[in-house]
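Below is one structure; the comments refer to it alone.
The values are calculated or read from the model by the stated rules, or taken from the named source; none is laboratory data. This one's a predicted model, so the numbers in the text were calculated from it and none came from an experiment. Side chains are part of the model used for accessible areas, which takes the heavy atoms of the whole protein and leaves out ligands, DNA and RNA. Shrake-Rupley method; radii C 1.70, N 1.55, O 1.52, S 1.80 Å.
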Amino acid sequence: MDRERQRLGIHLPEGSWWDWDVITWNAGQFRLAAGHDLAYYHGLELVFGDPVFVSCPAMFHDPVFRVPTSEERMRVARQLGEEPPVFVAFEADAGGQEPVSCLIAAQRFEVVHETVLRYWRDDTVPGQQFAPWVRPPA
C-alpha cells in the first residue's frame, strides 16, 4: 500500500468480518483479528507495525472504516509531533448505545488473510496457523 492510501482508509478482502478483537498489543505491533465468530478461528488480521497511537476497544463488532477527519489527523499529529505514515479511523459497535470512534496510527500496515485457529488440533492443513496463545496439550 502506498502512503496516501494508508491515510485514507482500509479496503478489506471479501468475507464475513463482523466479530473483532485485539490479539496483540505491544510497542512493536498492534494486531486486530476478525471473523464471523471468533470462538474457534479467525480469517483476517490487520497488523499495525510500530503503533504510535491507539484508541480502540479490546472487542467490537461491525466496524465501518472511513477516511480520518482533518481534525483527527491534526490532533494526533500535535500529540506525536508529526503525522504518522499509517492512520486508520473507523466506527464500531462496542456494546454501548452509540458506536465508538476508533483511531490507530502506526509506522506500517499489513492485511493478513488466512485461517488462524484459536484451539489446538493435530490435523491442520496448509494455510492454517495457530493463534499466539494456542499450545499443544501437555
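For segment 35-46, 3J(HN,Hα) computed residue by residue from phi via the Karplus equation (6.51, -1.76, 1.60; θ = phi - 60°) reads x, 7, 7, 8, 5, 10, 6, 9, x, 9, 9, 9 Hz, glycine and proline entered as x. Could you tell me how many degrees, from 0 to 90 and to the nearest 10, lie between the Cα long axis of helix 70-80 and the main elongation axis, the longest principal axis, of the Cα atoms of the chain? Once rounded, the angle reads 80 degrees. By a 1.4 Å probe calculation restricted to protein chains, I10 has an accessible surface near 20 Å², given to the nearest 10. Working from Cα pairs under 8 Å separated by at least six residues, relative contact order for segment 9-98 is 27 percent.
Amide H contacts of F109: G49, each under 5 Å away and 5 or more positions distant or on a separate chain (H built 1.01 Å from N in the peptide plane; Pro and chain starts excluded). Scanning residues 5 or more positions from Y41 or on other chains, those with amide H under 5 Å from its amide H are R118, with H placed 1.01 Å from N in the peptide plane. Each residue of segment 17-30 is assigned a 3J(HN,Hα), and the resulting list reads 10, 8, 8, 9, 8, 8, 10, 9, 8, 8, 4, x, 7, 10 Hz, derived from the Karplus form 6.51 cos²θ - 1.76 cosθ + 1.60 (θ = phi - 60°), x at Gly and Pro.
For the Cα trace of the chain, dividing Rg by the Kirkwood Rh returns an Rg/Rh value of 0.99.
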